[in-house]
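The structure appears right after this line, and notes come after that.
Please treat every number below as a calculation from the coordinates, not as lab data. Not measured: the values here are computed from a predicted model. All Cβ positions, even for glycine, are placed from backbone atoms using ideal geometry, and neighbour counts span all protein chains on display.
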Amino acid sequence: MVPVSKHWDQAAASFRGDLTAAVAPAVLKRLHRIQPWRHLAVVLRQLVLLALAVYVILRFGHLWYAWIPASIAIGFIVFSFTVLLHEVVHNVALSDRRSRWSTLLGHLYALPSGLSKTQFTRWHLDHHDNLGTADGDPKRHFLTPKIVRRWYKALYFTPALFPIYFRAARRATAGYEPALQKAIARERTMAIALHLAIPAVLWLTLGWQLALKLHILPVFVVFPVAFAINRLGQHYDIDPDDPAKWGTVIRPSPFFWDRIFLWSNYHIEHHYFPKVPFYNLPALHRALQGFFQERNWTARTYGGLLFDWFVKNRVPHTRWH
């Protein structure tokens, strides 16, 4: 992997003036305001939904039309904690960005999906710095499917995502300093141990069927689907010749995708202003409508992206329409 320092900042200079001119300074200042209570309210909502889904499975686990939606909900909630971790990485979760609480939250948010907070932090910030490069962006270099075949793309929507992701993370980590590698290995070992212990305990105490419905299916079957759909809306349908379009604009869906993905579907908006908390991204999207319209930039839907990805077998990081 070839490191490219601050490539995105240099490329964004070509449109930064238009971008800031599209949003009134007072509005931009308001959108950057960090409100920890809103972040914690989202966390509480996710925990309540998780508890409700667990209750449904425990109480109505014999009814397929009850436990299947509940297991799907748990899988998407597990994914949502990667979004919460993302907020910690960008220091927009709590007002005191160097607080021990922020660090603790990051480690806790990483556990449900088996991530290492340290690895995710380095990986993601490198992605921001080197967006637009084939070698410097770790997500593109190590994780994007290099085999443009439908069967291979489909693997990312299955439990195969885990070996694919951890192989990509291992290759990226190989270039890190030794101390960072040790911290990542320690955190990953703890996460793996947790995800082996949880189904084992559930199996021994509640039986294999409930272990399957409460943990194995949500984490290993539903989570990859949530992860792959979310990533499909980030940087696969782009215009390589225009740095302003090195991401995909997703059509707002306030009653579905916004809630399921905790506003991480507004991904290119996040790259423009990474210090805007996730609960303000819908308002940022609305404020940027003039910027998008000037560039004749059409918002996509996840359904349309999935059609292009599988039916038309589009190549990632290219212009699809």
(Q) If each DSSP helix of 4+ residues adds -39,500 (n - 2.57) and the sum is divided by the residues in the chain, what number results at 222 nm, nearest 500 deg cm²/dmol? (A) -17500 deg cm²/dmol
Q | Using θ = phi - 60° and Karplus 6.51 cos²θ - 1.76 cosθ + 1.60, couplings along the stretch 54-60 (whole Hz; Gly, Pro as x) | A | 4, 4, 4, 5, 5, 8, 10
Q: List every residue whose amide H lies under 5 Å from the amide H of Arg300, counting only residues 5 or more places away in sequence or on a different chain, with H placed 1.01 Å from N in the peptide plane.
A: Val249, Ile250, Arg251
**Q.** Peptides ranked, highest mean first, by Cβ atoms within 10 Å: ranges 281-287, 9-15
**A.** 281-287, 9-15
(Q) Can you give me the distance in nm between label points at Thr205 and Lys312, each placed 7 Å from the Cα along the Cα-to-Cβ direction? (A) 5.0 nm
Q | Charged-residue dipole, Cβ positions (Lys, Arg, Asp, Glu), the chain about Cα centre, Debye nearest 20 | A | 420 debye
Q) If you bin the C-alpha pair distances of the chain every 10 Å from 0, what whole percents do you get? A) 5, 25, 35, 25, 8, 1, 0
Q.
Test of understanding: express the Cα radius of gyration of the stretch 1-144 as a ratio to 2.2 N^0.38 Å, with N the residue count.
A. 1.32
Q. Of Lys245/Lys275; Lys146/Lys182; Lys153/Lys312; Lys6/Lys245; Lys6/Lys146; Lys139/Lys275, which sit over 23 Å apart, Cα to Cα?
A. Lys146/Lys182; Lys6/Lys146
Q.
Report the gain in length on full extension from Arg186 to Thr158: 0.36 nm times residue separation, minus Cα-Cα distance, nm rounded to one decimal.
A. 7.5 nm
(Q) Through the Karplus equation 6.51 cos²θ - 1.76 cosθ + 1.60, θ set to phi - 60°, convert the phi angles of the stretch 165-175 into ³J(HN,Hα) values in whole Hz; use x for Gly and Pro. (A) 5, 5, 5, 4, 5, 5, 5, 5, 5, 4, x
Q. Which value in nm describes the separation of the simple spin-label points at Arg150 and Arg100, placed 7 Å from the Cα toward the beta carbon?
A. 5.5 nm
(Q) For the stretch 166-211, what are Rg and Dmax over the alpha carbons, in angstrom? (A) 15.2, 44
Q: Arrange the peptides 17-25, 113-121 so that the one whose residues have, on average, the most other Cβ atoms within 10 Å appears first.
A: 113-121, 17-25
(Q) Could you give the length gained by full extension between Thr298 and Arg286, i.e. 0.36 nm per residue of separation minus their alpha carbon distance, to one decimal place? (A) 2.9 nm
Q.
Can you give me the angle between helix 178-206 and the longest principal axis of the chain, using Cα atoms only, in degrees from 0 to 90, rounded to the nearest 10?
A. 40 degrees
